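Have a look at the structure below before the remarks.
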Amino acid sequence: MDSEHWRAVITAAQAGDRRALDELVAGWLPLVYNIVGRALNGHADVDDVVQETMLRAVGHLGSLRDPDSFRSWLVAIAMRQIRDRARRRTPDRLEEAPASDFADLTVLRLQLEGQRREVAEAVRWLDDEDRQLLSLWWLEVAGELTRRELAAAVGITRQHAAVRVQRMKERLETSRGIVRALDGACPGLRELTGRWDGRPDSVWRKRLARHIRGCGYCGDTRGTVVPAERLLVGIALVPLPVGFTLALAFGGKTAAAVTSAATSAGWSAKLLGALTKPAVAVTAGATIAAGGAYVVTQPPDAPPPRAAVAPTATATAEPPRTFTPPAPTPKPSPSATQKADPYGTVVDAVDRAPDPDTRPAALPRRPESGITSTGGPKAVMQHRGDRVTLTGRGYVLVRWQISPRSRPGALVMPSWTGLKGRLFHVASGGWRRMDDPLPGAPNGYATGMGGPDIGYAVLPPGTQQMWQNEYFYLDGTVTLTQNERGCDYGLTVFPSDREAVVRDINEGPADGALRYGLVRDTGTDSAPVPQYVTRETPADPATVPQRSRV
C-alpha cells in the first residue's frame, strides 16, 4: 500500500475527516480479516474478533502518535484480540468446528492449485500458536508485513521471531507431507486412518508423520517440493466474503445514545448517519447500512483475484488430442433428422483400459456455476452409510481408495439417490485404473484391487471398473452414499471444475503417471450416466439397481 497516501488518510481521520475514516476502515479491513481468519481457521468467532479489532482501532485512533506505525499498531491489536479470544474459550467450546474452513476459503477464493493449494490445506494441521504466527508470516512473505511488524505484533524480538518462524515452518512442511499422503492411495495409510474422525489435530499429525517417514510410498513426492515461502510470494489477500458484515454493535440503544457512544468512539458523521437514519451509503467498496453495519459489496459475477504467478503450459493451452475411446458403447449418430438419445438411456458399461500412452479426447464444455456439498470441499466417506448431498451446476471428483489388505471380498458399489436434474459421468483420471499394477508395491500386491497374498476386491458382474479419480457433472441435486459391505473401501468427494479435470486426465506417462485419463462426455444428453443412480430415495441405498433408468 502507498505509505504516503495512508499517512494522509490516517492524519485526516484523526482530525475528524468523515471520508478519511470511512476509507481507513474499508481499506484495512481485508488485512485484519486475513490475519484473524487464518489464525482461527475460519472459526465462528472470526467475525466477532474482526469487529472488535476494528472498533478498538477506530476508538483509539486519536492515541496513535505516528501514522507510519498504523499498520503494526493495527496488527498488534488484532493479535491481542485473537489471544484474548483463546483465553476466553470455555471447555465446552474447545472442540467447536470452524464455521467455514479458512484453508478451503483460501484455495477457492484465490483459485490456488498444486503446491500452493497444498500449503493452504496444511494450515489445518498446525496448533493454535503456530497458526497465529503463520497468519503473520504468510503476510510477511506476501509483502503485506515486515519482520519488524511481525515481531512487534507477537511481542517478541526479531531474533526470537526468527527462531519461532523457523520452527513453525518445519511443522508446516510436515503438515504438507500429510496433505500429499492423504491425497495418495497408500494401503498402509488407508488402514491407519480407518480410526481417524477426519479432524486434524496434533496427535494425528504425529501419527501420520511417523508413518510417512517410514513409508516408501508416501515418502515419494514424485517431484520437487518448492519451499513454502516461494509459493506464497505474490499471493493476494483472501477477499472478504460477499455480505461480510462489520456490525457497530450499539445494540438496541436510542438514536441519541448511539450518536453519543459513536461520537466518543470517534466514528465519522457519515457512520452516525447510517446508524440513525434509514439510509444506505457506499464508500470505498463497503456499504454502510442502516442499523450500523459495514457490508462489503462485490458484483455477483466478479471473478476472485488470482495469484500473481506466471501461467504454465497446462494453464494456457491444452495439448493436442487424437484419442478415440476403445470398445465404445454403441450410440446412434445424431443427424439433422435424428435426435440424440434422451437423457438417461445411455448407462456406463464395462470397458477396456485404453493404451496408457493415448491422450484423452477433448472434454466438452458445460456451464458451471459451482457445486455445494454437505460434506464441505473434501468429504471423506470411509464407512457404510456415509453420504454427501451435492447441489448446483458443475463438476464433482470422486476419488477411490480400496483396502483389500484390511478386508478383501465382494465390493458393494456406492449409489446416487434422490437425483433431481441431470448427472453425467464425464471423465476418468488419477493416473490409473484401479486394476492397473501398482509400481513399487510389495511382492504379491498387484493392483489397487488387491493381490494373491491378500485377496482381491471383486466387482459385481457387469460393473464398470473404476479409475482412481472419477469425474461427474451435475446440474441439480443428488446424494452419494458409501455402501461398504464386504471389501473395505473409502471415497473422497471434492467439488471441482473443468480446468482441474483437463489437468488431471492429461497427466500421462511422460509426467511419471501410469496412463493418461479418459473422456466419456459427449457434450450432449447421450453422455453416460452412472450405473447405480436413481431418482428415488430408497431406505437402503445399496439396493439401487445397477442399470437404473433416469
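The values are calculated or read from the model by the stated rules, or taken from the named source; none is laboratory data. If you're wondering where the values come from, they're calculated on a predicted model, not measured in any experiment. Side chains are part of the model used for accessible areas, which takes the heavy atoms of the whole protein and leaves out ligands, DNA and RNA. Shrake-Rupley method; radii C 1.70, N 1.55, O 1.52, S 1.80 Å.
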Open item on the list: Let me cross-check Glu52: its accessible surface, 1.4 Å probe, with only protein heavy atoms counted, in Å² to the nearest 10?
Closed with: 60 Å²
- [ ] Using θ = phi - 60° and the Karplus relation 6.51 cos²θ - 1.76 cosθ + 1.60, list the HN-Hα couplings for region 21-29 in order, rounded to whole Hz, with x at every Gly or Pro.
- [x] 5, 4, 5, 4, 5, 5, x, 9, 4
Task: Asp68, Asp525, reordered so the largest accessible area comes first (probe 1.4 Å) - done: Asp68, Asp525
Open item on the list: If amide hydrogens are placed 1.01 Å from N in the peptide plane, which non-local residues have theirs closer than 5 Å to the one on Val426?
Closed with: Tyr471, Phe472, Tyr473
TODO: Treating cross-link reach as a plain straight distance, find the aspartates and glutamates whose alpha-carbon is under 14 Å from the alpha-carbon of Lys206, omitting any fewer than eight places away in the same chain.
DONE: Asp127, Glu170, Glu173
TODO: Return the long-range amide H neighbours of Gln465 (sequence gap of 5 or more, or a different chain), with a cut-off of under 5 Å between placed amide H atoms.
DONE: Asp351
